[in-house]
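Written out below as structure tokens is the structure these notes cover.
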Amino acid sequence: MNKYLPIAAFALLSACGGGTGIVPAAISPPPGPAAPAPAPGSSGGGTTGGAPSGGSGGGAPSTPSTVDDLTFSSQLNNVRLANGAGNVAFDARLAAAAQGHADDMLAQNYFSHTGLNGSSPGDRITAEGYQWRTYGENIAQGQRSEEEVLDAWTNSPGHHANNINPNFEDYGLAKAGTGSDTRWVLLLAAEQ
């Protein structure tokens, strides 16, 4: 079994998702070091963060840079449309934030929504100039393709909730590594 974790953050408080590891947005993840990369076949829970302080948006969304981004966009939007949510558009800033985290998890051999430097997904998104009002992050390890990782997330209730959240308007997907060491990060968000 492959590993994957959901994280959803909302500017407003959301109800605890009983057993999904999703907690109200006003509660930050507990302090402490990120966990080492899990053994194959294990998975963990997700956490949430709060809204960033002010600021203005930076840069406009761009088009996907590779055929794989186009393929994933189509697959993700098909899942969203089948569940009553609108399309999301590729955003290079979200992809850059996702890629940085995927690369860091691979290089430092860990698997967590919290970076070893203490950064949250919201911190990484903001650092790329995206002023979010809501975001969600799915991470996974070991899947070989965009189709395989989306299938894993779609078959996990917490991840699927992120995939089909109608509040999200943009996404960025990243992959680092190969084989069982492959790290995937999907960021979904909407700007202020």
GLN192/GLU148 FRET efficiency (R0 45 Å; Cβ-Cβ; nearest 0.05): 0.85
Each residue of the stretch 97-105 in order: what ³J(HN,Hα) in whole Hz does its phi give by Karplus 6.51 cos²θ - 1.76 cosθ + 1.60, θ = phi - 60°, with x for Gly and Pro? 5, 5, 5, x, 6, 4, 4, 5, 4
Would you grab the residues whose amide H sits under 5 Å from the one on ARG133? Only those 5+ places off in sequence or on another chain, please, with H modelled 1.01 Å from N. ALA190, GLU191, GLN192
Mind listing the long-range amide H neighbours of THR182? Cut-off is under 5 Å, sequence gap 5 or more, other chains count too, H placed in the peptide plane at 1.01 Å from N. GLY142
Determine the share of the stretch 123-181's accessible area contributed by carbon and sulfur atoms, expressed in whole percent, with a 1.4 angstrom probe. 44
Shape category assigned to the stretch 93-192 from the gyration tensor of Cα positions, a/c cut at 1.5: oblate
With +1 on each Lys and Arg Cβ and -1 on each Asp and Glu Cβ, and nothing else charged, work out how big the dipole of the stretch 88-150 is about its Cα centre, in Debye to the nearest 20. 160
Sorted by average packing, counted as other Cβ atoms within 10 angstrom per residue and highest first, what order do 81-89, 136-144, 155-163 take? 136-144, 155-163, 81-89
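The values are calculated or read from the model by the stated rules, or taken from the named source; none is laboratory data. All values derive from a computational prediction rather than experimental measurement. All Cβ positions, even for glycine, are placed from backbone atoms using ideal geometry, and neighbour counts span all protein chains on display. Just the protein is used for accessible areas: all its heavy atoms, side chains included, with ligands, DNA and RNA removed. Shrake-Rupley method; radii C 1.70, N 1.55, O 1.52, S 1.80 Å.
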